Amino acid sequence: ITVYSTTAWGTRNHGRIMLVLGLLGALFLGGWLYLVSLQATIGVNPRPLAFGEYVLLVVVVALCASIVLIAWLLGGVGFRRRREIEGIRERNRLLERERESETRLAADAERMRIAREMHDVIAHSLSVVIAQADGGRYAAKTDPAVAVGALETIAQTGGEALAQTRPL
């Protein structure tokens, strides 16, 4: 549990240290069991260690070492999985910010397009109105009918400009 937890939640170096300590613990357990087995070879009725006892010691050490190694590997898998999930979450946050920025930029571009279009409509219409008004003022002195035509053109241009700017 300690090897797994340290590897899964700690740093890589801590996980490696726990692997080494766990493997050393398996070796020390084997050494301790060997020394306990050697007690049977000394004393009043000494007997030599049988081949099966050596095999048992090797099996115990190998089993303990494999348990430590499996815990270390599983902890490493958990560590990498958690790191990948955090990376995916971070990418999602960045994509969300990028999408919001693109939305804002699109809205700003649309506002700019509308402003340019309104400027074009109003500037053109005002130019026509001013030209017609100046012409109508001069024509009113000599030919009032021409001045009435200029006023009609001014009214028509103003109405068209208003009709064009309403949808914008």
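A search for C-beta distances below 7 Å between a residue of region 33-53 that is closer than 18 Å to LEU63 by Cβ and any residue that is of a type in the set (Ser, Thr, Tyr), counting only pairs 6+ apart in sequence or on different chains, returns GLU53/SER37. Residues that are among the polar types (S, T, N, Q) and open to solvent by less than 90 Å² (accessible area, probe 1.4 Å) within region 121-152 comprise SER125, SER127, GLN132, listed in sequence order. If you go through region 91-115 and keep only what is open to solvent by 60 Å² or more (accessible area, probe 1.4 Å) and among the polar types (S, T, N, Q), you end up with ASN92, THR103.
On the given criteria, is MET118 part of a helix (DSSP H, G or I), at pLDDT below 90 and either surrounded by 10 or more Cβ atoms within 10 Å (Cβ to Cβ) or over 22 Å from the mean Cα position of the chain (by Cα) (or both)? Taking the combined requirement at face value, the residue satisfies it. Among the residues making up region 32-70, none is modelled with pLDDT of 90 or more and not in a helix (DSSP H, G or I).
Condition check ((1) acidic (Asp, Glu); (2) surrounded by 13 or more Cβ atoms within 10 Å (Cβ to Cβ); (3) closer than 23 Å to THR7 by Cβ) across all residues:
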position	(1), (2), (3)
TYR34	no, yes, no
LEU38	no, no, no
PRO46	no, no, no
LEU49	no, yes, no
LEU57	no, yes, no
CYS64	no, yes, yes
GLY75	no, yes, yes
GLY78	no, yes, yes
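Taking the criterion of being at pLDDT 85 or above and open to solvent by 90 Å² or more (accessible area, probe 1.4 Å), the only residue of region 153-166 that qualifies is GLN156. For the condition β-branched (Val, Ile, Thr), open to solvent by 70 Å² or more (accessible area, probe 1.4 Å) and touching a residue at least 24 places away in the same chain (Cβ under 8 Å), ILE88 does not qualify.
Within region 17-31, residues that are in contact (Cβ under 8 Å) with a residue 40 or more places away in the chain and assigned to a helix (DSSP H, G or I) reach partners that are surrounded by fewer than 16 Cβ atoms within 10 Å (Cβ to Cβ) and of a type outside the set (Phe, Trp, Tyr) with beta carbons closer than 7 Å, at six or more positions or on different chains, in the pairs MET18/THR2.
The values are calculated or read from the model by the stated rules, or taken from the named source; none is laboratory data. Values in this document were obtained by computation on a predicted structure and should not be read as measured data. Ideal geometry is used to build each Cβ from the backbone, glycine not excepted, and the neighbour counts take in all protein chains shown. Only protein heavy atoms, including side chains, enter the accessible area calculation; ligands, DNA and RNA are left aside. Shrake-Rupley method; radii C 1.70, N 1.55, O 1.52, S 1.80 Å.
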